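Data first, discussion second: the structure below is written as structure tokens.
The values are calculated or read from the model by the stated rules, or taken from the named source; none is laboratory data. None of these values were measured; they are calculated from a predicted model. All Cβ positions, even for glycine, are placed from backbone atoms using ideal geometry, and neighbour counts span all protein chains on display.
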Amino acid sequence: MATPFADLNGDPGIHGWLHVPARPTGKGIVLTHGAGADCQSKLLVEMCDALADAGFSVLRFDLPFRRERPHGPPSPGSAARDRDGLRRAALIMRGQKNSQVFLGGHSYGGRQATMLASEEPELADGLLLLSYPLHPPRKPNQLRTGHFSKLSTPAFFVHGTRDPFGTTAEMNSALELIPGPHAMREVVGAGHDLLGKKTANELPSRVASEFAMFLKALPKKTRTG
């Protein structure tokens with residue numbers, strides 16, 4: 001069950017929905033949307049419901065650019081503020097006594113999460129990335145991988161085999177640049193929105209389960225000091 005959520009104590013303010021699991025695992029995750037959507041997108045709602053069913057406390061929220069512009073893509077200068085929003089949301093989830101906090105999102109939202117994690121590796125314990133926009137459609141030379149070599153945060157990618165923002169072969173090649181633990185789940189026949197007619201019913205629950213297994217398989221962090 002999701003309830004409206006707003007925290008206006010910081011800048012930027014966070015507006016969205018909080019999914020509280022029936023059986024909490026102490027893990028929280030922040031998920032946000034792509035450039036052409038908002039936090040009410042079908043993919044985001046169904047994915048967050050599935051993650052909550054798997055025991056995650058989930059904050060689904062609108063990036064700052066969407067709060068400022070109800071329609072249309074983000075402006076080139078808004079990315080840093082959108083990352084500020086992701087940072088604020090992560091800190092909110094930490095403040096709710098989650099032992100681990102993960103970040104992620106669809107397309108543009110996921111890209112900003114990877115950029116933030118590459119800059120602040122201690123902010124999140126892992127990343128869930130839905131349809132990472134590897135390059136603009138029909139422009140395979142304009143790769144968005146400049147920060148991948150600095151990405152040490154464990155990252156789980158979900159990518160459709162018909163995604164015009166990057167083939168799965170291109171994605172596999174790009175992921176070799178990432179030094180941290182990572183994996184990719186291919187969704188056969190899916191495009192950039194992932195939820196095609198053939199995948200809509202079961203994909204979110206499968207992704208939630210596989211993401212949880214990916215995290216469980218990671219080596220435990222060594223604590224010093």
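Tell me the residue from Val30, Val45 that is modelled with pLDDT of 95 or more, buried (at least 24 other Cβ atoms within 10 Å of the Cβ), within 17 Å of the chain's Cα centre (by Cα) and within 18 Å of Gly105 (Cα to Cα), please. It would help to see each step written out before you state the result.
Values: Val45 fails: buried (at least 24 other Cβ atoms within 10 Å of the Cβ).
One residue alone meets the criteria, Val30.
All but one of (1) within 25 Å of Pro181 (Cα to Cα); (2) surrounded by fewer than 17 Cβ atoms within 10 Å (Cβ to Cβ); (3) among the small types (Gly, Ala, Ser) hold for Gly72; state the number of the condition that does not hold.
Only one criterion is unmet by Gly72, namely (1).
List the residue pairs whose Cβ atoms are under 8 Å apart, where the first residue sits in region 66-95 and is without any contact (Cβ under 8 Å) to a residue 24 or more places away in the chain, the second is of a type in the set (A, V, I, L, M, F, W, C), and the two are 6 or more positions apart or on different chains.
Ser75/Phe65; Ser78/Phe65
Test of understanding: among Ser57, Ser78, which residue is buried (at least 17 other Cβ atoms within 10 Å of the Cβ) and in a helix (DSSP H, G or I)? Don't jump to the end; show me each part of the working.
Details: Ser57 fails: in a helix (DSSP H, G or I).
Answer to the check: Ser78.
All but one of (1) part of a loop (DSSP other than H, G, I, E, B); (2) closer than 27 Å to Gly55 by Cβ; (3) of a type outside the set (Ser, Thr, Tyr) hold for His192; which doesn't?
With respect to (1) part of a loop (DSSP other than H, G, I, E, B); (2) closer than 27 Å to Gly55 by Cβ; (3) of a type outside the set (Ser, Thr, Tyr), His192 is out only on (2).
For Gly26, which of the numbered conditions (1) of a type outside the set (A, V, I, L, M, F, W, C); (2) under 18 Å from Gln112 (Cα atoms); (3) out of contact with any helix residue (DSSP H, G or I) (no Cβ under 9 Å at 6 or more places or on another chain); (4) in contact (Cβ under 8 Å) with a residue 60 or more places away in the chain fails to hold?
So Gly26 meets the others, but not (2).
Residue under question is Val158, and the condition is that it be in contact with a Leu (Cβ under 8 Å, 6 or more places away or on another chain), without any contact (Cβ under 8 Å) to a residue 60 or more places away in the chain and under 24 Å from Lys42 (Cα atoms); does it hold? If you could, list the steps in order and put the result at the bottom.
Working: in contact with a Leu (Cβ under 8 Å, 6 or more places away or on another chain): yes; without any contact (Cβ under 8 Å) to a residue 60 or more places away in the chain: yes; under 24 Å from Lys42 (Cα atoms): yes.
In short, yes.
Go through (1) closer than 20 Å to Gly10 by Cα; (2) touching a Ser or Thr at 6+ places or on another chain (Cβ under 7 Å); (3) assigned to a helix (DSSP H, G or I) for Arg66 and report which single condition fails.
It fails just one condition, (2).
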